[in-house]
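Some notes on the structure that comes next.
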Amino acid sequence: MASTSKTGTLPHWDLTNIYPSLDSAELKQAIAQTQADITALEGYLDTHHISKTGSTAQTSSTSSTSSTSSTSSTSSTSSTSSTSSINAFADIVNGYLERTNALLRLFYTVNTYISLSVATDSFNTTARRMRSEIDPLGVQFSQIDTRFTGWLGGLQHLLPQVIARGGLAAQHAFYLHETAEQSRYMMSEPEEALAAELSLSGATAWSKLQGTITSQLTVEMERNGTTEKLPMPAIINIMQHDPDAEVRREAYELEHAAWASVKEPLAACMNGVKGAAVVLNRKRGRVDALHAPVEDARIDRETLDAMMGAMRDSFPTFRKYLRAKARRLGHEGGLPWWDLFAPVGKSERSYSWDETQNLVITNFAQFSPRLARLA
């Protein structure tokens, strides 16, 4: 499908290169296979006693076989047993990685397809229902991941030997070290399993509600003698970029009135999502609300402080620019919000879709051929 404008035919969002449709046999088969793979992976964990308590037993077994003996023959046997235990541990890790990679490739494809269908049309009840139906699969994998993380954390001292043996473990060395390191910030397995399950009716549900409210909120706006019912992104775009200052101001006021009309449910959504995060961070031993995000971003506090400091140092330059723009647009008391992104010049140039593509790709290529290929 495509839409037509004065600059020619524009492309339309198309997901058929992933699955033909939400009710296609291909998607149903993929969901069924995802469930089967999750069940099989749970069985793999059970077979190899992969859990936080299982790592304690594994550590004891490895330690006992690698203890020093008083005779050379016993020492040789002990060394062989230790090598055998390390090899067995490596095989389990490699087996988990192989199964998990295959599962996540499939699950993320299914989940992304359904999530994108909701993102582009939150009125699509079929897509929303299917997203709710596959959410428990994500919970199941989260519980599997918790078991593996706890198990790996207890065996962290063996990772260098496992990674040295090559294979998938060596290819995933960064992931394995990071996972083992982060295992210190875990509640007990039952608590983590309960938290994952409750997220469906807690933080996840609040997040979905916020998305539904904001995506379905519309505003009536009159322009050029015609009243249109516009979604919030269109109102914001008008407020930021319309060449007419009065139109920008009106769009700004309409936007604020619209957000005010849903402030109570949106505040509840924010409290629900962040409230859960605050409690879980505390229970998991996080220092504060920034602890997990900083480590997720793989930076340290010093780096974050340096970035924030660089921003603060740039404020005078930005304020000088904004004051100059205010004067340029005829404002004496500072720049109003609706003129923050206002155009200060005028252009009659229009670009067709093909011209736009060429412009972007050509200029990207001057900076990075890889970026141009991505575009």
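None of the figures in this text is laboratory data; all of them are computed from the coordinates on show. Being a predicted model, the structure only gives us computed values, none of them experimental. Every residue, glycine as well, gets a Cβ built from its backbone with ideal geometry; the counts of neighbours run over all protein chains shown.
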Here, the range 272-356 modelled as identical Cα point scatterers in vacuum has Debye log10 I(q)/I(0) at q = 0.12, 0.17, 0.24 Å⁻¹ of -0.74, -0.85, -1.10
How far is helix 245-261 tilted, in degrees, relative to the longest principal axis of the Cα atoms in the chain, given as a value from 0 to 90 rounded to the nearest 10?
-> 50
If you build the Cα gyration tensor of the range 110-176 and take the root of 5 times each eigenvalue, what three semi-axes come out, in whole angstrom, biggest first?
-> 38, 14, 7
Which whole-number percentage describes the relative contact order of the chain, with Cα contacts under 8 Å and a sequence gap of 6 or more?
-> 14
Which whole-percent values make up P(r) of the range 220-308 when all C-alpha to C-alpha distances are grouped in 5 Å steps starting at zero?
-> 3, 11, 15, 12, 9, 9, 13, 13, 8, 5, 2, 0
Determine the gain in length on full extension of the stretch ASP288-TYR108; use 0.36 nm per residue of separation and subtract their C-alpha separation, reporting nm with one decimal.
-> 61.8 nm
Excluding SER199 itself, what net charge comes from residues whose Cβ is under 15 Å from its Cβ, given Lys and Arg +1 and Asp and Glu -1?
-> 0
Based on the Cα coordinates of the chain, what is the per residue volume of their convex hull in Å³?
-> 218
Would you tally the net charge around VAL110, using a Cβ to Cβ cut-off of less than 12 Å, leaving VAL110 out, and scoring K and R as +1, D and E as -1?
-> -1
With Cα coordinates, the longest principal axis of the chain makes an angle with the long axis of helix 301-328, in degrees rounded to 10, of 10
LYS274: which lysines have alpha carbons under 27 Å from its alpha carbon, excluding same-chain residues fewer than 8 sequence positions away?
-> LYS208, LYS263, LYS283
Cβ-based net charge around GLN29, under 14 Å, with every Lys or Arg adding one and every Asp or Glu removing one | -2
Please express the Cα-Cα pair-distance distribution P(r) of the range 153-201 as a list of whole percents, one per 5 Å bin, running from 0 to the bin with the greatest distance.
-> 5, 19, 21, 17, 13, 13, 9, 4, 0
Taking the convex hull of the alpha-carbon atoms of the range 193-352 and averaging its shadow over every direction gives an area in square nanometres of 14.5
Using alpha carbon positions and the Kirkwood radius, the Rg to Rh ratio of the range 94-141 is 1.10
Given the rule -39500 (n - 2.57) for each run of at least 4 DSSP H residues, summed and divided by the residues of the chain, what is its mean residue ellipticity at 222 nm, to the nearest 500 deg cm²/dmol?
-> -23500 deg cm²/dmol
Treat each spin label as a single point 7 Å out from the Cα along the C-beta direction, and report the LYS28 to ARG323 distance in nm.
-> 6.8
Helix 25-47 versus the longest principal axis of the chain: what is the Cα-based angle in degrees, 0 to 90, to the nearest 10?
-> 30
Based on the mean of other Cβ atoms within 10 Å per residue, sort peptides 245-251, 345-351, 42-48 so the most packed one is first.
-> 245-251, 42-48, 345-351
Subtracting the Cα-Cα distance of THR362 and GLU228 from 0.36 nm times their residue separation yields 44.6 nm
